[in-house]
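Asks: One structure coming up, written as structure tokens, with questions to follow.
Values quoted throughout were computed directly from the atomic coordinates according to the rules given, and no laboratory measurement underlies them. This one's a predicted model, so the numbers in the text were calculated from it and none came from an experiment. Ideal geometry is used to build each Cβ from the backbone, glycine not excepted, and the neighbour counts take in all protein chains shown.
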Amino acid sequence: MSSPILDLAGVTLEVNHLPRGVRFYTQVLGLPLLEHDEDRGVAHFRVNDAQTLTLWKPVTRQPNDPRLAPLHARGASHLHYAWQIQPHELDRCKALLDEHGLPWQEIDLGTPERPDPTVYFFDPFGHGLELRGVDLADERQPVYPPTPEDGERGPHALPVLGLREVALAFGDYPAMKERLPRAYGFALAKEQPDRDFAQFTLGPEPEPDGNGTPRRWLYAWDPQVGLADMFGGDHVYAQFYARVEEVRGRVRAAGLPHVEESGVLAVRDPEGHVFEFRPPR
């Protein structure tokens, strides 16, 4: 059966200092700021025409998004997530990270025949960021393909094209591996043989990861230190494009708490993550 999950729409990070987060993501990533509300503890950025990044500063006795209050949604803590770049921009990205005074680590995720060098670094709040090259001509395209911004991000900002992946931690790994396909419809692509690490394709069918695919991904693992000393996120709030009616049927059959407004479905996973499913634009 085809997966109802279509693509990655956005991710929300938890921060303890909103202005510092705004400076980092506007200056280092070059993201246009759409909203900055100190009273609500919210900053909202445009990534591209189909994806967003949001920062939440927790405010006592006040949900950052009242719509999600019944689900007790929080922004992700120490999330590992990845950005797509064009491969020829990798050296420039490393120079820009040096310019901003940000330590980085390069790891080759490819093979000797087809290298896939990837750069890892941290934001000011301990979230782990990854820059992964993407072949824009690859046939494995997501619903909303990455497209160059033609210098829109500015000369000192990383030339990111879009969000590539989010990595979540699950205390009960076997239950997660069964639940994500059944209760939401995520397409399990593969597991790593040497650790509890599952890769889910954010698309209609499971596909191979790596080597330049423009597809987007959900990674899930037990609490562990991953590559470049990065953790999977706790209480992650992530947004996906999906065939919402199909996801709704699965969620109701699984008995998971959820809210729905204007065709957008938000669900609280038993591990505390909140997944939001939006209809295609």
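Asks: Any chance you could run the full-extension gain for GLU205 through ARG182? It's 0.36 nm times the residue separation minus the Cα-Cα distance, nm to one decimal.
Replies: 6.8 nm
Asks: With +1 on the Cβ of every Lys and Arg and -1 on the Cβ of every Asp and Glu, and nothing else charged, how large is the dipole of the chain about its Cα centre, in debye rounded to the nearest 20?
Replies: The calculation lands at about 820 debye.
Asks: Relative contact order for the chain: what is it in percent, counting Cα pairs under 8 Å that are at least 6 residues apart?
Replies: Answer for the chain is 24 percent.
Asks: In deg cm²/dmol and to the nearest 500, what is the mean residue ellipticity at 222 nm of the chain if only DSSP H runs of at least 4 residues count, each as -39500 (n - 2.57), divided by the residue total?
Replies: On the way: 4 runs with 38 residues, N = 281.
It lands at -4000 deg cm²/dmol.
Asks: In the stretch 149-281, with Lys and Arg counted as +1 and Asp and Glu as -1 at Cβ, which of these residues, GLY154, ALA254, PHE231, has the Cα nearest the positive end of the dipole, that is, farthest along it?
Replies: The residue sitting most towards the positive pole is ALA254.
Asks: Name the lysines eligible as straight-distance cross-link partners of LYS177: C-alpha to C-alpha under 17 Å, and not fewer than 8 places from it in the same chain.
Replies: Partners found: LYS190.
Asks: With labels modelled as points extended 7 Å from the Cα through the Cβ direction, what inter-label distance (nm, one decimal) is found for ASP108 paired with HIS72?
Replies: Rounded to a tenth, the inter-label distance reads 4.7 nm.
Asks: Ok, one more. Once you've got the GNM for the chain with C-alpha springs shorter than 10 Å, pick whichever of ASP135, ASP194, ASP172 has the biggest mean-square fluctuation.
Replies: ASP194
Asks: Further, regarding this structure: To two decimal places, what compactness ratio does the stretch 5-278 give when its Cα radius of gyration is scaled by 2.2 N^0.38 Å?
Replies: 0.95
Asks: Rank-order 220-232, 249-261 by packing density, defined as the average count of other C-beta atoms within 10 Å over each peptide's residues, highest first.
Replies: Details: 220-232: 17.0, 249-261: 14.4.
Ranked from most to least packed, the peptides come out as 220-232, 249-261.
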